[in-house]
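Novice: First the structure, then my questions, so here it is.
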């Protein structure tokens, strides 16, 4: 996750004038376009989706933090440490319109 995030942020930083990067995982089939839009439209700064109060994805990172993340992210953690150490994170509840259930193996879907 860390190396993928680093490469993506480098690309966004170098090739766009985007104000934010929206980070999510590909194995969240219950994530809806409305929920992504809600996080993207958060009032200010770093925004983190929550599902009944539990932090999840997507996470919105302002451009002003791209360089710091590019220089520090690594391993499987992605931006988790960076975000958890901040006191300016906006939590955006999306559990009413989406699911944050992670689907990794077929048994995660069977019987759902």
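Novice: Please state which of the following conditions residue 91 fails to meet, knowing it meets all the rest: (1) surrounded by fewer than 19 Cβ atoms within 10 Å (Cβ to Cβ); (2) modelled with pLDDT of 95 or more; (3) more than 12 Å from the chain's Cα centre (by Cα); (4) closer than 27 Å to residue 16 by Cα.
Specialist: Result: residue 91 passes all but (3).
Novice: Somewhere in segment 73-84, is a residue at pLDDT 95 or above and under 14 Å from the mean Cα position of the chain (by Cα)?
Specialist: Here is the first cut: in segment 73-84, the residues at pLDDT 95 or above are none.
There is no residue in segment 73-84 that is at pLDDT 95 or above and under 14 Å from the mean Cα position of the chain (by Cα).
Novice: So which of 71, 19, 52 is surrounded by fewer than 20 Cβ atoms within 10 Å (Cβ to Cβ) and free of Cβ contacts under 8 Å to residues at least 24 places away in the same chain? Give the derivation first.
Specialist: Details: 19 fails: free of Cβ contacts under 8 Å to residues at least 24 places away in the same chain; 52 fails: free of Cβ contacts under 8 Å to residues at least 24 places away in the same chain.
It is 71.
Novice: Name the single residue, out of those in segment 74-95 being free of Cβ contacts under 8 Å to residues at least 40 places away in the same chain and touching a helix residue (DSSP H, G or I) at 6+ places or on another chain (Cβ under 9 Å), that is nearest to residue 11 (Cα to Cα).
Specialist: Initial filter on segment 74-95 (free of Cβ contacts under 8 Å to residues at least 40 places away in the same chain): 80-85, 87.
If we keep only those that are touching a helix residue (DSSP H, G or I) at 6+ places or on another chain (Cβ under 9 Å) too, we end up with 81-82.
Numbers: 81: 22, 82: 20 Å.
Only one residue tops the list, namely 82.
The values are calculated or read from the model by the stated rules, or taken from the named source; none is laboratory data. Since the structure is predicted, the reported quantities are computational estimates derived from the model, not experimental observations. Note that we place each Cβ from the backbone using ideal geometry, even for glycine, and neighbour counts take in every protein chain shown.
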